[in-house]
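Just so it is clear, none of the values below were taken in a lab; they were calculated from the coordinates. Since the structure is predicted, the reported quantities are computational estimates derived from the model, not experimental observations. Note that each Cβ is placed from the backbone with ideal geometry, even for glycine, and that neighbours are counted across all protein chains shown.
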Amino acid sequence: MHFYQRLRDLREDSEKKQEEIAHVLGITRQQYQLYESGKRELPMHHFIVLAKYYNVTLDYLAGMIDTPRKLY
């Protein structure tokens, strides 16, 4: 699974809108939409923020593993 698919799945599972996640990252909804569609690479500092936000490890968020592991 690609990271952008995982971003969308996590957002939808938490019943959040793109605008809400963009606010967490301090970016516009349009910028976030580019990450979630796979049209733009997500910077590492955003990966870290989202991993903390969703309480998942970076390897899960990046789509490297399929079973979520919690950070804490």
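A few points about this structure:
- Scanning segment 48-61 for residues that are in contact (Cβ under 8 Å) with a residue 24 or more places away in the chain and either over 12 Å from Q5 (Cα atoms) or among the charged types (D, E, K, R) (or both) returns V49, L50, Y53, Y54, V56.
- For R40, the requirement of being out of contact with any strand residue (DSSP E or B) (no Cβ under 8 Å at 6 or more places or on another chain), of a type in the set (K, R) and exposed (fewer than 12 other Cβ atoms within 10 Å of the Cβ) is not met.
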